[in-house]
């Protein structure tokens, strides 16, 4: 069935013209492709209680898609897209199934007098999210492994204010499958040419299955302020961001008493042309207190309950140096080295290489008057 779906999508992409004849300004056939190569070599302490194991992750992903757009008016446009995600973990001998997930979504744009609105529904790429999310919310591993959202995303964008609200439905309740969904939100307001106020939030519902009943709540909110020391530019940047991470967690099966972890994160980022240096420091409570706890079925909560990097358990310092050359508008290249530290000292480091070819890079450009971030 998956092979038939892929063949159909490729056939449509090859046969359909880019624009329908006679309806040039109203109806357009579209096709696109997104290719990703990801390499991440992780070297951490070798022990059974290591925060994260040492390993090398390398994978390739290709996402071809076809669809059409309809321009209802000068300010309203609709798009329907269908695609398929093909992926392979390099070196895997058992991973022979290239067909990972089907993409199927509706994307609408409405341009207003003071900004633009976008609504996306269905199964769509995670890159539609445009907010600033700390790695306390989403680790770099999750962002690559879970590349798509299933649900709804609403966005508003204007020169001085932008916000987004989405829902990712991750699991439908079943005999062994847990019911899971996450509501995420982010926004920013430019109160001064160099000062921004914003928030990031996550409401995660981790319910049970017939084999392992029970519900665990995991909610996290981060109000933040960011100060720039240079005029906004795509070529150079020096910013200091400080946020307060406040959580609410409750394992309703084990205990009715909730836990309220709290901490602060300060991130200093500098960029000059294609080079960037970033230092993020977290200090506070353990944001993942139930990580090693077992549900009633004997399964570890672990990464199923927490999507953030596993280092946010106390003092944590991350330094990253990256090179991101400006090649073309369709091609992104990134080389990075990351070092991780805790209160006890050096934890480990990563060497990362990423290559992204996105033929859909200039989508809907005329609908965006600009973003404050």
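Points to keep in mind about this one:
- Alpha-carbon radius of gyration plus Dmax, which is the widest Cα pair, for the range 106-163 in Å: 13.0, 39
- In the elastic network of the chain, a GNM with C-alpha springs shorter than 10 Å, the most mobile of 327, 305, 197 is 327.
- Here is how the number arises for the chain: DSSP H runs of 4 or more residues each give -39500 (n - 2.57), the sum is divided by the residue count, and the result at 222 nm is -1500 deg cm²/dmol.
- Helix 2-15 axis, angle to the chain major axis (alpha carbon atoms, nearest 10°): 40 degrees
- The mean sequence separation of alpha-carbon pairs under 8 Å and at least six residues apart, normalised by the residue count of the chain, gives a relative contact order of 13 percent.
- Given the choices (1) 47, 33, 16; (2) 34, 27, 22; (3) 53, 26, 20, semi-axes √(5λ) of the Cα gyration tensor in Å derived from the coordinates of this structure is entry (2).
- Build a GNM of the chain with springs between Cα atoms under 10 Å apart, and of 322, 108, 173 the one that fluctuates most is 173.
- When only Cα pairs below 8 angstrom with a gap of at least 6 residues are kept, the range 297-356 shows a relative contact order of 27 percent.
- Evaluated at q = 0.12, 0.17 Å⁻¹, a Debye calculation over the C-alpha positions of the range 256-313 (equal weights, vacuum) places log10 I(q)/I(0) at -0.45, -0.71.
- Order of 147, 100, 113 - criterion: other Cβ atoms within 10 Å of each residue's Cβ, fewest first: 113, 100, 147
- Residues 307, 99 arranged by fewest to most Cβ contacts within 10 Å: 99, 307
- If you run the Gaussian network model on the chain, springs between alpha carbon atoms under 10 Å, then out of 52, 63, 328 the most flexible one is 328.
None of the figures in this text is laboratory data; all of them are computed from the coordinates on show. Computed from a predicted model, the values in this text were never measured in an experiment. Every residue, glycine as well, gets a Cβ built from its backbone with ideal geometry; the counts of neighbours run over all protein chains shown.
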